[in-house]
Amino acid sequence: MVIDMRNFPHKQILGKKILSIVITMLGFTALLIHDVSVAETRGITIEKTANTQSSNVNKGVYRALIIGNNEYRDEQGKWESLSTAVTDAREVARLLKQQYGFTDVILLENATRRDVLYALEALANRSLKNDNVLIYYAGHGFLDDETNKGFWVPVDATGSDHTTFLRNSTIRDEVSSIASRVQHTLLISDSCFSGSLLRTASRGISESDYTEKYFEKVSKKKSVQIMAAGGFEFVDDDYRESGHSPFTYFLINELKTNNSPMLTVSQLSGNVERAVANNVDQVPESGVLQGAGDELGEFIFIKLDVEIEGVDPDRVKVEVNVIPVDKEKKTKKVNRQPAKQPKVVPIPTL
Amino acid sequence: MLVKKLFLMLLLILLSISNSSADQRLTFGAKLLGAVWKGDNGAGGTDYESNEGGQFGLNVSYKIGDFYTGLNLQRGEYDFNNRAPDKFTPAGRVSNTSVKIQQTDVDLLFGYYFWSQVSLFVDIKNVTNNWLDDPYSQNFLGIGLGTSGYIPINDRWTLFGSFGFIGSGEIKDNNDVKVGEGSSWALEVGTIYTINERHFVNAGIKTRNYSFEYLDSSKQDYNINAIFIGYNYSFSL
């Protein structure tokens, strides 16, 4: 039988038009993927007006996820409530916002396992290429003696059931995911056995080497650093009734008393480690997150209200560069309701 | 030629994505649909409605960053008493009464979340209707465009939906002879319940419409209205 195709000429043209639209859409898709990966946003610049020197060490946003767990709900009684973790977290969050220009700070108090994972994922989703991301955890930690594996213990942990804990490898995966997107990542863990998270690495820098050039150099190299309250040991909860753990007490103290415009994690951790070890039976550790792309860069804290010797405080200017909102909107999706984002949506079909 | 162009574009997209360090996720799913097939054989024909029917589907999808691709296979039977969809052969219309029709759907799709909760997708769809009373089957192949999205309600519940259409597809019989052309659209809404990080269940309703025009200018329209439940197992790579 011969089929008379003349019955359908208009439909053939329509079909070709639709296919052309499909090809064009796929082309735009490829272009958009590239646009997203090169987006930039807000940054901080310090300008010392007294000597006209300027430093432009970082172009990214300072973001932080701060977790403090006090109120443990374990019915088996293994995990008793802590007294200082929430206070520690609140004070760290306040300091970062008020004195170090962190513009995106999420404070999670008494977080469940699910809360932590969702918050980490949301943080990864909204982080951009040049950002500096700090994750702070204060709460119980646990080390499995047999396997030598460490865990964070969320408030909904049950007894010795490891599946209700947050395994170090999971934390590493989540932090690595964030680190793969941003320039600098710092994990600060104030819990027992938190040293099991890290691999020790030294930048080998003496105090006199912290020059302007050094800061610029290390800020351009990717960093994924960790500061831990202790190695494979128990750590104290309340330091001299200060309302803070010893580690966070000295961390806060260092951040408060720091009078340098720029403070690297190597400087900070060195000072905190010495102070803690000198005062309590606990030795904090610092290093890098193995396999997460650390290039011996440095997470740099930039203090907003520094005093510079010989310079009138009124003449010290710290500039926060904010790109207009409409420009920021174009850069990348920002999930404002991170805890609600589903991981899976069924594939749509016709 | 056009298929080659599509393939080339897809390759370019995948190459672009492979350079990024976006999150990757693999999801396996199963879906059970209870459906009614209701239609009209057009002028000179009858209207009809299936007594009972349903389909079972398996799917796999891969998501990297905002891009996703997936394959869906779905098969089921529809039972018609007295009045049923007519067959349209190159020789013309063949009326049907009581018959069972086996329907097989294959979807290959590519989508991209241009917005945080809304994606656009392309679906290469193949539907085969196989009349089980004799060796006659009809195959509809088309490329569709659609949009899908979701609205989180809380930590556990999420609403989702999609709409898409195939502007023009080709209908062939079991001898691979073209017997007509057609268009189609589909609308789906549902809800997802998150059990935990890896396990998800979903349920919803879906309606599909097909409008066929055969070589002898006969027209045939039908809707398949379904309620479905589904399960997904998903993990990061």
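The values are calculated or read from the model by the stated rules, or taken from the named source; none is laboratory data. If you're wondering where the values come from, they're calculated on a predicted model, not measured in any experiment. Here the Cβ is made from the backbone with ideal geometry for all residues, glycine too, and neighbour counts use every protein chain on show.
Each row is one residue, and each column tells you yes or no for (1) at pLDDT below 90; (2) under 25 Å from residue A:264 (Cα atoms); (3) within 17 Å of the chain's Cα centre (by Cα).
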site: A:81; (1), (2), (3): yes, no, no
site: A:86; (1), (2), (3): no, no, no
site: A:96; (1), (2), (3): no, yes, yes
site: A:101; (1), (2), (3): yes, yes, yes
site: A:134; (1), (2), (3): no, yes, yes
site: A:145; (1), (2), (3): yes, no, no
site: A:148; (1), (2), (3): yes, no, no
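Are any residues in the range B:208-228 assigned to a strand (DSSP E or B) and either away from chain A (no Cβ under 11 Å) or of a type in the set (Gly, Ala, Ser) (or both), and if so, which ones? Outline the logic, then answer.
As a first pass, look at the range B:208-228 and keep what is assigned to a strand (DSSP E or B): B:208-214, B:219-228.
Correct list: B:211, B:212, B:219, B:220, B:221, B:222, B:223, B:224, B:225, B:226, B:227.
Which one of B:112, B:136 is in contact with a helix residue (DSSP H, G or I) (Cβ under 7 Å, 6 or more places away or on another chain) and either crowded, with 19+ Cβ neighbours inside 10 Å or not basic (Lys, Arg) (or both)? Break it down into steps so the answer makes sense when it comes.
On the way: B:136 fails: in contact with a helix residue (DSSP H, G or I) (Cβ under 7 Å, 6 or more places away or on another chain).
From the options B:112, B:136, the qualifying one is B:112.
Which residue, of A:188, A:171, A:178, is assigned to a helix (DSSP H, G or I), surrounded by 23 or more Cβ atoms within 10 Å (Cβ to Cβ) and at pLDDT 90 or above? Even if it seems obvious, please write down each step before you answer.
Working: A:188 fails: assigned to a helix (DSSP H, G or I); A:171 fails: at pLDDT 90 or above.
The unique qualifying residue is A:178.
With respect to residue B:232, is the statement that it is at the interface with another protein chain (Cβ under 7 Å from one of its Cβ atoms) and either touching a strand residue (DSSP E or B) at 6+ places or on another chain (Cβ under 6 Å) or not hydrophobic (A, V, I, L, M, F, W, C) (or both) true? Break it down stepwise before answering.
Numbers: at the interface with another protein chain (Cβ under 7 Å from one of its Cβ atoms): yes; either touching a strand residue (DSSP E or B) at 6+ places or on another chain (Cβ under 6 Å) or not hydrophobic (A, V, I, L, M, F, W, C) (or both): yes.
For residue B:232, the condition - at the interface with another protein chain (Cβ under 7 Å from one of its Cβ atoms) and either touching a strand residue (DSSP E or B) at 6+ places or on another chain (Cβ under 6 Å) or not hydrophobic (A, V, I, L, M, F, W, C) (or both) - is met.
Would you call residue B:162 within 14 Å of the chain's Cα centre (by Cα) and crowded, with 20+ Cβ neighbours inside 10 Å?
Values: within 14 Å of the chain's Cα centre (by Cα): yes; crowded, with 20+ Cβ neighbours inside 10 Å: yes.
Considered against the rule, which asks whether it is within 14 Å of the chain's Cα centre (by Cα) and crowded, with 20+ Cβ neighbours inside 10 Å, residue B:162 comes out as yes.
Could you go through the range A:199-212 and let me know if any residue there is assigned to a helix (DSSP H, G or I), surrounded by 14 or more Cβ atoms within 10 Å (Cβ to Cβ), aromatic (Phe, Trp, Tyr) and at pLDDT below 90. Spell out the reasoning first.
Going residue by residue through the range A:199-212, those that are assigned to a helix (DSSP H, G or I) are A:207-209, A:212.
Now restrict to residues that are surrounded by 14 or more Cβ atoms within 10 Å (Cβ to Cβ): A:212.
Then keep just the ones that are aromatic (Phe, Trp, Tyr); that gives none.
Among the residues of the range A:199-212, not one is assigned to a helix (DSSP H, G or I), surrounded by 14 or more Cβ atoms within 10 Å (Cβ to Cβ), aromatic (Phe, Trp, Tyr) and at pLDDT below 90, which makes the answer no.
Can you list the strands (runs of 3 or more DSSP E) found entirely within the range B:63-155 that contain at least 2 residues being over 22 Å from residue B:216 (Cα atoms)? Show your work before the answer.
Numbers: elements: B:67-80, B:87-89, B:92-94, B:99-112, B:118-131, B:136-152.
Because the criterion is at least 2 residues that are over 22 Å from residue B:216 (Cα atoms), the strands (runs of 3 or more DSSP E) in the range B:63-155 that meet it are B:67-80, B:99-112, B:118-131, B:136-152.
Which of the following residues is without any contact (Cβ under 8 Å) to a residue 60 or more places away in the chain and farther than 24 Å from residue B:236 by Cα: A:167, A:94, A:114, A:181? Before the answer, list the steps.
Working: A:167 fails: farther than 24 Å from residue B:236 by Cα; A:114 fails: farther than 24 Å from residue B:236 by Cα; A:181 fails: farther than 24 Å from residue B:236 by Cα.
It is A:94.
So, residue B:69, is that one in contact (Cβ under 8 Å) with a residue 24 or more places away in the chain, of a type in the set (Ser, Thr, Tyr) and over 23 Å from residue B:228 (Cβ atoms) or not? Lay out the reasoning, then the answer.
Numbers: in contact (Cβ under 8 Å) with a residue 24 or more places away in the chain: yes; of a type in the set (Ser, Thr, Tyr): yes; over 23 Å from residue B:228 (Cβ atoms): no.
Here the answer is no, as residue B:69 does not meet what is asked.
Among residues belonging to the range B:68-121 that are facing another protein chain (nearest Cβ under 9 Å) and over 30 Å from residue B:147 (Cβ atoms), point out the one that is farthest from the chain's Cα centre (by Cα).
Filtering first and then ranking leaves B:91.
Any idea how many residues of the range B:149-167 are in contact with a Phe, Trp or Tyr (Cβ under 6 Å, 6 or more places away or on another chain) and facing chain A (nearest Cβ under 7 Å)?
Qualifying residue count, the range B:149-167: 3.
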